[in-house]
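For reference, the structure is listed below as structure tokens.
The values are calculated or read from the model by the stated rules, or taken from the named source; none is laboratory data. All figures in this text were calculated on a predicted structure; none of them were measured in a lab. All Cβ positions, glycine included, derive from the backbone under ideal geometry; neighbour counts span all protein chains shown.
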Amino acid sequence: MVLPLQVAQELFSEDWGKILKEKIKSFETARDKLDHLTKNTFKLNLGEIFINENSQLQISLESFTGFEESYNIDQQTSDLPVKIVLKYSVPESSEYIIPDSFSRKKDKKTGKNLELESLLHYTQIKLPVEPYLRFIDSGEYTHFMKEITNV
């Protein structure tokens, strides 16, 4: 996923890390009160950032699925069973022009390009929160930005 520079700088800033840590505490408190079945589907929407008039980035915290949580237990990691989800979405009423030649998979009734329609509808990235927060705290993003801007 490619993010505008201003959005990326915000998502990897120390201030955002502090805000996220507080949200995670609230998320864990609410999650701990749920039964076992609901606990692994719990989601907390944090907000949305409008990238342009045709698209937005939705940010949420979500519980690990039962499989993800079992995998972490098997790997003996003590990471929180929480992930941050960045979902890029384009509204149905989008004005994007989709080239006919993009894919062979077309809807027989509408002629729409199924793969591109699916891609434009949403793309999401799921990151475990602890490694994400460690990356923010490490300052590596700032170092990376200095390296590429001083070239």
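Points to keep in mind about this one:
- Restricted to the range 47-82, and to residues there that are of a type in the set (F, W, Y) and modelled with pLDDT of 85 or more, the residue that is nearest to L133 (Cα to Cα) is F64.
- Among residues of the range 116-141 that are under 16 Å from K87 (Cβ atoms), those with a beta-carbon under 8 Å from a residue that is modelled with pLDDT of 90 or more and acidic (D, E) at least six positions away or on a different chain give the pairs K126/E62.
- Set E62, E14, E69: member being surrounded by 16 or more Cβ atoms within 10 Å (Cβ to Cβ), acidic (D, E) and in contact (Cβ under 8 Å) with a residue 24 or more places away in the chain: E62
- Taken over the range 42-59, the residue count meeting the criterion of being in contact (Cβ under 8 Å) with a residue 12 or more places away in the chain and part of a strand (DSSP E or B) is 12.
- No other residue among K33, K21, K39 is over 19 Å from Q124 (Cα atoms), in contact with a helix residue (DSSP H, G or I) (Cβ under 8 Å, 6 or more places away or on another chain) and free of Cβ contacts under 8 Å to residues at least 40 places away in the same chain apart from K39.
- Against the list (1) farther than 15 Å from I59 by Cβ; (2) among the acidic types (D, E); (3) free of Cβ contacts under 8 Å to residues at least 24 places away in the same chain, the condition E28 fails is (3).
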